[in-house]
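Worksheet for the structure shown next.
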Amino acid sequence: MTFPILVETRNGQFVASVAGAANLRAVEPTRSQAIESLKAIIEHRIATGELLSLEIETIDVSTLAGKYGDDSTLRAICNDAYQARDADRGQ
């Protein structure tokens, strides 16, 4: 299993953190110690918890296309909106 990590120097120390998870980090005097400490933290968290992937369904315009095609009230709503628009335009 691979995790993207960021290693930075701050105040003479090395900070290793998991990209996107700022609370998973280790601060040590050397770069290699910071990386090893972070690895130990991740291994402990995985050993005592459960690492899963969570799929989130997104909604975008393409998922809405045709979704309300059978809705009989939609056409009435559209017609009312078009009539109001045309009245505002003086047509």
* Extension gain (nm, one decimal) between THR48 and ILE77, 0.36 nm per residue minus Cα-Cα -> 5.0 nm
* What do you get when you divide the Cα radius of gyration of the chain by 2.2 N^0.38 Å, with N the number of residues? -> 2.21
* At what distance in nm do the modelled label points of PHE3 and ALA40 sit from each other, each positioned 7 Å from its Cα along Cα→Cβ? -> 1.4
* Evaluate the relative contact order of the chain (contact order divided by residue number), counting alpha-carbon pairs under 8 angstrom at least 6 apart; express in whole percent. => 14
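Rg/Rh for region 5-48: what does it come to with C-alpha atoms and Rh from Kirkwood? Can you show the working numbers first?
Details: Rg = 9.9 Å, Rh = 10.2 Å.
Looking at region 5-48, the ratio lands at 0.97.
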* Hey, what angle do you get for helix 72-89 against the long axis of the chain, alpha-carbon based, 0 to 90 degrees rounded to 10? -> 70
* Asked: Looking only at region 1-20, which residues have a backbone nitrogen under 17 Å from a spot 7 Å from the Cα of VAL27 in the C-beta direction?
  -> 6-18
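Read-outs: derived from the displayed coordinates by stated rules, not from any lab. What you are looking at is a predicted structure, and each value in this text was computed from that prediction instead of being measured. Every residue, glycine as well, gets a Cβ built from its backbone with ideal geometry; the counts of neighbours run over all protein chains shown.
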